[in-house]
Amino acid sequence: FPARISDCPIMSALLESYSAALVAYPLLTKSATAAIVVGATDAASQRYEGKQDIDFVRSVRVGLFAAIVGAPALHFWYLILENTFPGSSGSSVFFKVCADNLIFTPASIVLFFAFLGYSEGHTHEEVKEDILHKFIPTLKTSLMIWPAASIVNFLFISASFRPLFIGGLSIGWNGYLTYTKHADGQTLPVTNNSSSSGGLPLSIPPPVKIAIT
């Protein structure tokens, strides 16, 4: 695979430029990359939902979450993991994978739903109900995908490129998240007086199988 990249001058130049940007401006580079990729993924997700006209404001919100919350959190989280469990030994990878999937992933799911809920103008109670109804199904889907991806990430990917690797895999995952957040019948109405159920039914659609490339 590396040989194929080196044989393509354009790809090789792009990779070198990106690597240089990661060294010079690591957080800014990761945030900008995340905003573009995640925002575009949300636009594609809207097409999957059957929308005729893309809600670009929604895509910008999702991109902003990736830029100012998701990418910085992932950047510093990997630094913490590497400092706490250095190297790629079996035990180190095991603890990194456990921490990644049992601490960071649940927190990131809550932050995602909360950020979008508040930015869309929903009340605290509405956001809380949304999280309560969608957190467990979303976490279950995550645990079917990310432990294996984390093992590959910590075993075979260099530390500087780990966020990029996860970002690539996150294209499908972010599509699933935005679908779950905005699925028909699941988006909370903005109201002054919420019902006791917060306007939500007690179930969400089953996990959507999205190919991750």
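The values are calculated or read from the model by the stated rules, or taken from the named source; none is laboratory data. If you're wondering where the values come from, they're calculated on a predicted model, not measured in any experiment. Quick reminder, even Gly has a Cβ in these numbers, built from the backbone with ideal geometry, and neighbours come from all protein chains shown. The accessibility values were calculated without ligands, DNA or RNA, using every heavy atom of the protein model including side chains. Shrake-Rupley method; radii C 1.70, N 1.55, O 1.52, S 1.80 Å.
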Worksheet entry | Top-ranked residue in the range 66-108 [being over 14 Å from LEU28 (Cα atoms) and aromatic (Phe, Trp, Tyr); ranked as most open to solvent (accessible area, probe 1.4 Å)] | PHE94
Response to the item:
Picked from the range 180-196 (must be modelled with pLDDT of 80 or more and of a type outside the set (S, T, N, Q)), the residue farthest from the chain's Cα centre (by Cα) is HIS182
Practice prompt. List the number of the failed condition for GLU129; all other conditions in (1) of a type in the set (Asp, Glu); (2) over 19 Å from LEU64 (Cα atoms); (3) surrounded by fewer than 20 Cβ atoms within 10 Å (Cβ to Cβ) hold.
Written response: (3)
Worksheet, complete the sentence: When every residue in the range 146-179 that is modelled with pLDDT of 90 or more and β-branched (Val, Ile, Thr) is compared, the one surrounded by the fewest Cβ atoms within 10 Å (Cβ to Cβ) is VAL152
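Mind listing whichever residues of the range 82-129 are of a type in the set (Gly, Ala, Ser), within 29 Å of HIS182 (Cα to Cα) and part of a helix (DSSP H, G or I)?
ALA99, ALA107, SER108, ALA114, GLY117, SER119
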